1. Can you compute the modelled spin-label distance between PHE37 and GLU104, with each label point 7 Å from Cα toward Cβ, in nm?
2. How large is Rg over Rh for segment 35-120, taking Rg from the Cα atoms and Rh as the Kirkwood inverse mean of 1/r across Cα pairs?
Amino acid sequence: MLALACALALAAQQKPAPKPQEPAEEDEALTVKEYSFNPLQAEKEAKIGAYYFKKGSFRAAAQRFREAARWDPANAEAWLRLGEAQEKLKDRAAAREAYSKYLELKPDAKGAAQVRKKLARKP
């Protein structure tokens, strides 16, 4: 009887423990990115956006300026540059939205009159 108990105990020790289920890998493209106020990240995104804009990659520039505006919603420069990029992409509705946000933040800015003229044009 003692031998049987020892054999069962030994067999129980040799069985591998069941592995805990690992969570399935998530596609990062499907996850929702959370933004909190981060002016340094916004500045970084805006610099990269300016590079892409200068290079002529307006879609990439618009994405970076949009990211900059999400990291720092009060960054008027990011909204202005987003409007310019959207205008180059012929997306007038998105450009108007970005320009409007820019004027909301900086109504007395140096280039505000020029932006108002762009907004006054028919869509």
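1. 1.7 nm
2. The Rg/Rh ratio comes out at 0.95.
Only the coordinates and a few stated rules stand behind these numbers; no lab work does. All values derive from a computational prediction rather than experimental measurement. Note that we place each Cβ from the backbone using ideal geometry, even for glycine, and neighbour counts take in every protein chain shown.
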